Amino acid sequence: MNRASLKRSKILHMALMGTSDPTGEAETSQEKPFVLRALQIALVVSLYWITSISMVFLNKYLLDSPSLRLDTPIFVTFYQCLVTVLLCKGLSSLATCCPGTVDFPALHLDLKVARSVLPLSAVFIGMITFNNLCLKYVGVAFYNVGRSLTTVFNVLLSYLLLKQTTSFYALLTCSVIIGGFWLGVDQEGAEGTLSWTGTLFGVLASLCVSLNAIYTKKVLPAVDGSIWRLTFYNNVNACVLFLPLLLVLGELQALFSFPQLGSAHFWGMMTLGGLFGFAIGYVTGLQIKFTSPLTHNVSGTAKACAQTVLAVLYYEEAKSFLWWTSNMMVLGGSSAYTWVRGREMKKMQEEPHPRETEKSNMEV
């Protein structure tokens with residue numbers, strides 16, 4: 001179980017860092033027929049796209065729907081964390097009661113472990129909260145541009161915290177992303193739809209996503225390398241930390257005066273949002289398993305493009321050529337960075353270690 005958990009955490013970490021599998025091991029069996037493998041990949045990628053896009057549109061509805069008029073973004077985020085905790089505990093109990101039914105680690109709340117995970121949980125709370133706040137104040141079409149600086153912060157934080165330098169070509173792709181971001185902000189302003197508040201939340205969300213990837217690597221040993229245990233403790237900590245925020249910001253009072261509080265439709269949509277929030281972690285790992293971290297990042301970029309087009313069509317928005325150019329710069333820069341980093345990692349793996357080379361020369 002621990003070995004499987006470590007493998008899954010390794011895969012997800014590679015996805016966050018945009019690198020390829022250093023072992024070169026393919027998860028899918030090469031003995032399977034090509035058609036079957038192609039169908040599996042198509043199904044998994046489609047599942048990822050559907051889950052991710054549906055979650056964004058559903059969250060937009062819960063956070064900023066004129067028909068719902070619910071101004072409690074922290075409560076929406078809190079409830080989604082609560083659903084994740086209950087799902088994790090339920091699957092853990094099912095795996096314990098019915099071995100072989102589902103592959104899920106045993107979960108028991110340990111306060112010592114919860115304290116160890118707390119620094120990451122603070123970053124995790126910032127990540128999901130700023131993501132939702134960004135989505136509340138900006139349109140779905142601009143959402144990807146608004147929080148597109150994750151790659152740039154990855155490079156910056158890797159240098160500041162890990163002292164890792166970045167190649168010229170990787171920095172060049174980052175400059176394309178920054179250029180696309182500023183062009184997108186400019187075009188949103190020109191169309192009169194720019195929200196500086198939403199844009200600021202998008203930048204903060206990007207920063208927290210980068211910090212989350214770094215802190216995840218540090219905290220994983222505390223949960224035996226299990227991504228599911230980390231998910232459980234992160235969301236438990238988040239539920240506890242959100243409670244005082246709900247009181248201080250007056251969201252509980254606003255919720256009690258909400259006209260649709262007793263509506264089954266409202267709670268059904270809220271629960272569905274929590275289910276999608278839980279599922280996105282699973283389908284992300286599944287897509288990486290059946291393809292590769294590099295392919296996952298490319299798929300994510302293509303999904304973002306499709307999501308933007310769908311949002312423009314759904315909300316019947318008219319966008320300028322330069323607005324679309326900003327999106328293409330952000331998506332193209334992100335794809336190029338993934339490709340450049342993948343090539344660099346592959347080259348590093350193929351190059352012999354200096355000590356091995358010296359040993360070989362001495363033997364000759």
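For the chain, modelled as a Gaussian network with Cα springs under 10 Å, which listed residue fluctuates most, L133, L245, L39?
Sorting by GNM fluctuation, first place goes to L39.
In the Gaussian network model of the chain, springs joining C-alpha atoms below 10 Å, which of D224, D110, D71 carries the largest mean-square fluctuation?
Of D224, D110, D71, the most mobile in the Gaussian network model is D110.
Give the relative contact order (percent, whole number) for the chain; include only Cα pairs under 8 Å separated by 6+ residues. Please report the intermediate quantities before stating the final value.
Numbers: 426 pairs, mean separation 128.3, N = 364.
RCO, the chain: 35 percent.
Could you estimate the translational diffusion coefficient of the range 210-303 from the Stokes-Einstein equation, with Rh from the Kirkwood formula over C-alpha pairs, at 20 °C and 1.002 mPa s, in whole µm²/s? Numbers along the way, then the final one.
Working: Rh = 16.4 Å.
Rounded, D is 130 µm²/s.
Once the chain is represented by equal point scatterers at the alpha-carbon sites, with solvent omitted, what log10 I(q)/I(0) does the Debye formula produce at q = 0.14, 0.15 Å⁻¹?
-1.34, -1.52
Give, in nm to one decimal, the length gained when the segment between L47 and S67 is fully stretched (0.36 nm per residue of separation minus the Cα-Cα distance). Intermediate values should be presented prior to the final figure.
Numbers: separation 20, 0.36 × 20 = 7.20 nm, distance 2.87 nm.
The span from L47 to S67 would gain 4.3 nm if fully extended.
Can you pull out the trypsin sites (Lys or Arg not before Pro) in the range 60-130 whose DSSP state is coil and whose Cβ has at most 13 other Cβ atoms within 10 Å? Can you show the working numbers first?
Working: sites: K60, R69, K89, K112, R115; in loops: R69.
Answer in residue order: R69.
Among residues other than T199 whose Cβ falls under 10 Å from its Cβ, what is the net charge (Lys/Arg +1, Asp/Glu -1)? All intermediate terms of the calculation are to be shown ahead of the outcome.
Values: positive: R147; negative: E188.
Result for the local shell: 0.
Report the full-extension gain for the segment E350 to K163: residue separation times 0.36 nm, less the Cα-Cα distance, to one decimal in nm. Don't jump to the answer; show the numbers that get you there.
Numbers: separation 187, 0.36 × 187 = 67.32 nm, distance 2.31 nm.
Net length gain for the segment: 65.0 nm.
Quick one: which of 153-159, 165-171 comes out on top by average Cβ neighbours within 10 Å, and what's the full order, highest first? Write out the running numbers ahead of the final one.
Values: 153-159: 17.9, 165-171: 14.0.
Put in order of decreasing packing, that is 153-159, 165-171.
Highest first, please rank the peptides 331-344, 248-261 by the mean number of other Cβ atoms sitting within 10 Å of their residues. Intermediate results must be reported in sequence, preceding the final value.
On the way: 331-344: 20.4, 248-261: 12.5.
The packing order, highest mean first, is 331-344, 248-261.
Using only the Cα atoms, what convex hull volume per residue in Å³ does the range 88-147 have? Mind showing how you got there, number by number?
Numbers: hull volume 7.6 nm³, N = 60.
It comes to 127 Å³ per residue, whole-number rounded.
Could you order the peptides 209-217, 185-193, 226-234, 278-286 from most to least packed, using the average number of other C-beta atoms within 10 Å per residue? Please list the in-between numbers first.
On the way: 209-217: 20.0, 185-193: 15.3, 226-234: 24.0, 278-286: 18.1.
Sorting 209-217, 185-193, 226-234, 278-286 by mean packing, highest first, produces 226-234, 209-217, 278-286, 185-193.
Give, in nm to one decimal, the length gained when the segment between K89 and Q253 is fully stretched (0.36 nm per residue of separation minus the Cα-Cα distance).
Working: separation 164, 0.36 × 164 = 59.04 nm, distance 2.93 nm.
Length gained between K89 and Q253: 56.1 nm.
What's the percent breakdown of Cα-Cα distances in the range 167-217 across 10 Å bins, shortest bin first?
For the range 167-217, the binned pair fractions read 21, 38, 32, 8, 0 percent.
At q = 0.12 Å⁻¹, what is the log10 ratio I(q)/I(0) for the range 280-339, with the Debye formula run over Cα points and no solvent?
Each listed q corresponds, in turn, to -0.37.
Which one of V123, W182, Q253 has its Cα pushed farthest toward the positive end of the charge dipole of the chain, where Lys and Arg give +1 and Asp and Glu give -1 at the Cβ?
The listed residue farthest towards the positive side: V123.
Using a Gaussian network for the chain with springs between C-alpha atoms less than 10 Å apart, which of these wobbles most: S67, S92, S206?
Highest fluctuation of the listed residues: S67.
Suppose R0 equals 41 Å. What FRET efficiency, 1/(1 + (r/R0)^6) with r the Cβ-Cβ distance, do R115 and A302 give to the nearest 0.05? Before the final figure, lay out the partial values.
Working: r = 40 Å, r/R0 = 0.98.
Efficiency, rounded to the nearest 0.05: 0.50.
A short reminder: the numbers here are calculations on the coordinates, not readings from a lab. Bear in mind the structure is a predicted one, so any value in this text is a computation, not a measurement. As a convention, Cβ positions derive from the backbone with ideal geometry for all residues, glycine included, and neighbour counts pool all protein chains shown.
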